[in-house]
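The structure appears right after this line, and notes come after that.
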Amino acid sequence: MTSQTRTPPPGAPSSQGGNDLRWLLSRLVGEVPGMLSVAVVSADGLLLLSSEPDRAAARRHAVKGPMGAAADLATVVSGLGSLTSGAATLMDGGRVRQTLVAMETGNLLVMSISDGSLLGAYTTPDADISAVAYHMALFVGRAGHLLTPELRAELRRTGPRSR
């Protein structure tokens with residue numbers, strides 16, 4: 001059996017860690033019902049990785065929101081992460097692990113990743129929040145060790161889109 005070397009498409013990560021992280025994010029969005037859009041944001045607020053929004057699900061549920069641009073979701077996730085971190089500091093609450101914003105037309109969940117990065121997910125209003133949180137926690141556990149300084153730099157160079 002001969003091994004073939006596949007050349008990644010332009011803008012794709014060149015490292016195995018980048019490919020693994022993109023695969024994990026695609027799997028998260030594909031396997032969790034009600035998940036519309038996901039973004040991984042660095043500790044300094046830059047979008048590292050995002051999913052394509054599930055526009056069909058958004059239309060079915062009449063959901064509006066950060067569906068057009070991954071940067072919009074990343075901005076909200078970064079701001080919310082900063083706000084909740086500040087609140088936790090004021091309350092001597094320790095590190096923020098998870099934040100949930102439940103709205104009439106959707107939910108926003110934000111989880112901390114070990115390196116200070118954040119994982120944000122925007123869901124339909126009827127999504128099972130406990131299932132979403134569970135799968136996000138699995139992603140955080142699997143992806144946390146992949147987000148090395150080298151991979152973060154690579155993701156900034158190659159762009160944030162996952163699927």
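Since every read-out is calculated from the coordinates, none of them should be taken as a lab result. Just so you know, these numbers come straight off a predicted model, no measurement behind them. Virtual Cβ from ideal backbone geometry, glycine too; neighbours counted across all protein chains shown.
When peptides 114-121, 82-89, 29-36 are sorted by average Cβ neighbour count within 10 Å, with the highest value leading, the order is 114-121, 29-36, 82-89.
Amide H contacts under 5 Å for Leu36: Tyr122, Thr123, Thr124, restricted to partners 5 or more places along the chain or on a different chain, H placed in the peptide plane at 1.01 Å from N.
Going by the alpha-carbon gyration tensor, a ≥ b ≥ c the square roots of its eigenvalues, is region 87-163 rounded (a/c under 1.5) or, if a/c is not under 1.5, prolate (a/b greater than b/c) versus oblate?
Judged from the Cα gyration tensor, region 87-163 comes out oblate (a/c at least 1.5, b/c at or above a/b).
Residues in region 20-32 carry Karplus couplings, in order, of 4, 5, 5, 5, 4, 5, 4, 5, 4, 5, x, 9, 9 Hz; the curve used is 6.51 cos²θ - 1.76 cosθ + 1.60 with θ = phi - 60°, and Gly or Pro positions show x. Taking a point 7 Å out from the Cα of Leu138 in the direction of its Cβ, the residues of region 97-131 whose backbone N falls within less than 12 Å of it are 131. Once the chain from Asp20 to Ala153 is taken as fully extended at 0.36 nm per residue, the excess over their C-alpha distance is 46.3 nm.
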